[in-house]
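The values are calculated or read from the model by the stated rules, or taken from the named source; none is laboratory data. The structure presented is a predicted model; accordingly, all values stated were derived computationally and were not measured. With ideal geometry, Cβ positions are generated from the backbone for all residues, glycine too; neighbour counts draw on all protein chains shown. For the accessible areas, the whole protein counts, side chains as well, though only heavy atoms, and no ligand, DNA or RNA atoms are used. Shrake-Rupley method; radii C 1.70, N 1.55, O 1.52, S 1.80 Å.
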Amino acid sequence: MEISPAEVKMRLDAEERVYLIDVREPHEYRQARIEGAELVPMQSVPAALQSLAGKAGDGVLIVYCHHGVRSLSVVNWLREQGVAACQSMSGGIDRWSIEIDATAPRYS
């Protein structure tokens, strides 16, 4: 259900087919983001279900938010809708900033 930022980085470096899905709000996305991530605010996920399911059919969705709470809820919901190829990045972009990319700003 969850994946660590280090595991995400390894998959990206290995050029595996992963789709980074940022479920934060636009103002959060403007403050800090992971290169290549697609912004799909949490409340927009139901409307984007078909698109997300299509991506999951071609790879794995790595869903993240600020600390990992919203993304875990989204992954649970996606799995209930039949989208199995999805994981939540534990600790969110905050942990990513600490462990992987110090250039990604931290915010509160």
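Summary of values
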{"item": "Estimated FRET transfer efficiency (Gln31, Met1; beta-carbon r; R0 22 Å; 0.05)", "result": "0.25"}
{"item": "Amide proton proximity set for Ile3, modelled H, under 5 Å, gap of 5+", "result": "Ser88, Met89, Ser90"}
{"item": "1.4 Å probe accessible area per residue over the stretch 1-73, in Å²", "result": "54"}
{"item": "Label selected from (1) 15, 51, 31, 3; (2) 16, 54, 27, 2; (3) 15, 47, 28, 9, 1, the criterion being P(r) over Cα pairs in 10 Å bins from 0, in percent as computed here", "result": "(2)"}
{"item": "Vicinal HN-Hα couplings computed from phi for the stretch 36-42 (Karplus, 6.51 cos²θ - 1.76 cosθ + 1.60; Hz; Gly/Pro x)", "result": "x, 6, 9, 7, 9, x, 3"}
{"item": "Rounded percent of accessible protein surface that carbon and sulfur make up, the chain, 1.4 Å probe", "result": "49"}
{"item": "Gaussian network model of the chain, Cα within-10 Å springs - most flexible of Glu28, Glu38, Glu80", "result": "Glu80"}
